[in-house]
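My questions will all concern the structure given below.
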């Protein structure tokens, strides 16, 4: 059963029960009140009739049998003390009840005291004791309960009519109200089902200011979040696929080279100098694979290990000079001026990881600078120290800048692989600086060189 029908049925049953209970209670209360008032009025009128008949009761020319009935509206009869009817004021065909057995005793004991009695649940009678010198008489004044209950029947008809009208209105209102409440629920259910099925572009247009509107906004936000997460997952999946493809490619090339050189070395009659050349080439390719796996391990640790860096206070200028000396021989062989211009600044960072960053940046700068200079500098910049590696090399086009630090991304794949790079150097730099909470910046134009910098917390 749909929730609209459940709500509608619930409202109908509750309201019908309430209306019926109130109507029944009202009818019973009104009936009891009218019967009480009818009895009280009958008692009072019986006393008035008693006064009227006090002196007329035995006169032949007194009040006629029918006039008293017409004027009073009651059935009136007079009995002697033994219970024999002496006179009757009313319809001739009306059957008069016999007096109660203990009525004479009660009236004799309670002079002029009113005693009420019901007969067949149709008439209400009041008996009064009339004391006279020539003997006591009993006055019986009665009225049909139909006369007393006539207002009750009218009231019952009014109440029942109002009840049926109310129930009809309730049916209509409950249907409208249940539809008003259930419609957003069904819309939200349908929307959540579509979102669960993967339709994250679905938007709920529910213009309401209540809790349903808040829930619709939450579902829209959830849908937008899922849509963004799906895009991120697709991008991550694509990057992962490309990452594995790049690893396979990076390993396959040096393995092919190693296998080829080993086959050449096994040939008969090969000269010793060529054998040495092939051996050196195989060692170089093995070293390339070793560096690739070292870079991969560094990236994995930066992604998973919360203790990837161990910060301490040290002098950045000493670390720069150390890295410069490491690459001084390579720079001299290429005729490049490698200089260090760093003041005496203390920083708080992981010196081993920062040394790895400097080594990668200096290595790249020397690799892509055919001639000119490479300069490493460090200077105070507010509460931080700015470390910069600047070269006068071939430069990098701007369209490559956004992806320059992606894993295995190469601006010139053929040239990069020929130079022996792993394609992970700048990715490792980025991961280490991210772990330090430091951003890396780049300025580069083709033919004008490249400038890469990052900031470290001053110690």
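The values are calculated or read from the model by the stated rules, or taken from the named source; none is laboratory data. The structure displayed is predicted, hence computed values, not measured ones. Please note: Cβ atoms are built from the backbone with ideal geometry, for glycine as well, and neighbour counts cover all protein chains shown.
Somewhere in the range 285-297, is a residue part of a helix (DSSP H, G or I), more than 30 Å from residue 447 (Cα to Cα) and either at pLDDT 80 or above or in the same structural domain as residue 445 (by TED's automatic domain parsing) (or both)?
Within the range 285-297, one or more residues are part of a helix (DSSP H, G or I), more than 30 Å from residue 447 (Cα to Cα) and either at pLDDT 80 or above or in the same structural domain as residue 445 (by TED's automatic domain parsing) (or both).
Can I ask one more? What do you reckon, is residue 76 surrounded by 12 or more Cβ atoms within 10 Å (Cβ to Cβ) and modelled with pLDDT of 80 or more? Break it down stepwise before answering.
Values: surrounded by 12 or more Cβ atoms within 10 Å (Cβ to Cβ): yes; modelled with pLDDT of 80 or more: yes.
Taking the combined requirement at face value, the residue satisfies it.
Please work out if residue 54 is at pLDDT below 75, at negative phi and surrounded by 17 or more Cβ atoms within 10 Å (Cβ to Cβ). Explain how you work it out, then say what you get.
Numbers: at pLDDT below 75: yes; at negative phi: yes; surrounded by 17 or more Cβ atoms within 10 Å (Cβ to Cβ): no.
No, not satisfied.
Here's a follow-up. Check 310, 342 and return the single one that is assigned by TED's automatic domain parsing to the domain that holds residue 386, within 48 Å of the chain's Cα centre (by Cα) and either under 16 Å from residue 433 (Cα atoms) or at pLDDT below 90 (or both).
Values: 342 fails: within 48 Å of the chain's Cα centre (by Cα).
None of the others qualify; the one that does is 310.
Mind listing whichever residues of the range 365-410 are in contact with a helix residue (DSSP H, G or I) (Cβ under 6 Å, 6 or more places away or on another chain) and over 18 Å from residue 438 (Cβ atoms)?
366, 374, 391, 407, 408, 409, 410
In the range 123-180, what residues are within 15 Å of residue 42 (Cα to Cα) and part of a helix (DSSP H, G or I)? It would help to see each step written out before you state the result.
Residues of the range 123-180 within 15 Å of residue 42 (Cα to Cα): 123-128, 139-149.
145, 146, 147, 148, 149, listed by residue number.
Among the numbered criteria (1) at pLDDT 90 or above; (2) under 17 Å from residue 459 (Cβ atoms); (3) in contact with a strand residue (DSSP E or B) (Cβ under 7 Å, 6 or more places away or on another chain), which one does residue 319 miss?
Failing condition for residue 319: (3).
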